1. Please pick out the residue among T71, T58 that is polar (S, T, N, Q) and either over 18 Å from Q122 (Cβ atoms) or not in a strand (DSSP E or B) (or both).
2. Given the criterion open to solvent by less than 40 Å² (accessible area, probe 1.4 Å) and either part of a loop (DSSP other than H, G, I, E, B) or at pLDDT below 95 (or both), identify the matching residue among S143, S214.
3. Restricting attention to the stretch 1-16, which residues are within 22 Å of A213 (Cα to Cα) and open to solvent by 30 Å² or more (accessible area, probe 1.4 Å)?
4. Within the stretch 181-213, work out how many residues are free of Cβ contacts under 8 Å to residues at least 60 places away in the same chain and β-branched (V, I, T).
5. Which residues, counting only those in the stretch 94-103, are surrounded by fewer than 19 Cβ atoms within 10 Å (Cβ to Cβ) and either polar (S, T, N, Q) or in a loop (DSSP other than H, G, I, E, B) (or both)?
6. Does E64 satisfy the criteria of being acidic (D, E), under 21 Å from S159 (Cβ atoms) and in contact with a strand residue (DSSP E or B) (Cβ under 7 Å, 6 or more places away or on another chain)?
7. Starting from the stretch 111-127, take each residue that is within 16 Å of the ligand (Cβ to nearest atom) and list its partners that are acidic (D, E), counting only C-beta distances under 8 angstrom and pairs at least six apart or across chains.
8. Quick check: anything in the stretch 187-203 part of a loop (DSSP other than H, G, I, E, B), over 20 Å from Q10 (Cα atoms) and modelled with pLDDT of 95 or more?
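The values are calculated or read from the model by the stated rules, or taken from the named source; none is laboratory data. None of these values were measured; they are calculated from a predicted model. Every residue, glycine as well, gets a Cβ built from its backbone with ideal geometry; the counts of neighbours run over all protein chains shown. Each accessible area value is taken on the protein alone, full model and side chains, heavy atoms only, with ligands, DNA and RNA left out. Shrake-Rupley method; radii C 1.70, N 1.55, O 1.52, S 1.80 Å.
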Amino acid sequence: MKVIVVKSNQDLAEKAYEHIVAVMESKKEVTLGLATGGSPVGIYELFRKNKPRSAHVTTINLDEYIGLAPTHEQSYRQFMNKQLFETVEFKETFVPNGTATDLQKACDDYEEIVAKHPIDLQLLGIGQNGHIAFNEPGTSFTSKTHVVQLTSSTINANSRYFEKEEDVPTTAITMGIGTILKAKEILLIASGKNKAEAIKQMLEGDVTEACPASILREHPNVTIILDEEAASLCGSLKDRQTV
Ligand code: F6R
């Protein structure tokens, strides 16, 4: 696992963007696993500005709220359209279907999509409780794409995008941890003080289902990019040069 600590959120976005574009340029056909939320916004801004060659790239998103139509302002499909897909052209883009009548089938279909398009690089954020995608603490490390009940910590963190907390969906479809771990390479980004405890648990705590992100320590090809605040509680990063 490679850990890079940068000074600012802008530096983080630039480093992560360069990393992603290098993977996109490495092969004729590439699949990127993408995330929503605040963490990747700076990266997607660089995509919109630089418009890297991407017509050979398929994207597969991590998760979607259940009950929000793809056209709903707060759906993750809509987030991706606005942040990226309306400006940068990809070969194909996949986001789980949160309005499927048969949710189990939607999960199974998504698992098949991932199997058909093995992910070359998976971009991840991290929740304050250590979640990756919507895999909340306690989720099995071998889980596949499934329906989840969101925790109050996640609902509260995500309520900033909604008018009121009651409007945040309480369930979602998420790629499982086992699905995520199949990616050939993983890039996790985190910034800000509110992520510092989760980062400490991920890097220095036990590898345990109580901290879903901790399993990344056992994946063979992971890069973590942190800003100084997110890295601030990690004793093991104290002497590391900030880049
Ligand atoms: C989003 C996702 C989540 C977020 C995490 C951090 O697709 O899967 O795991 O990455 O909740 O969210 P932000 O970046 O908003 O702090």
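1. Going through T71, T58 in turn, the sole match is T71.
2. Every option except S143 fails the conditions.
3. M1, K2, N9, K15
4. Counting residues in the stretch 181-213 that are free of Cβ contacts under 8 Å to residues at least 60 places away in the same chain and β-branched (V, I, T) gives 2.
5. T99, A100, T101, D102
6. When the stated conditions are applied, E64 passes them.
7. L121/E185; Q122/E185; G127/E136
8. no
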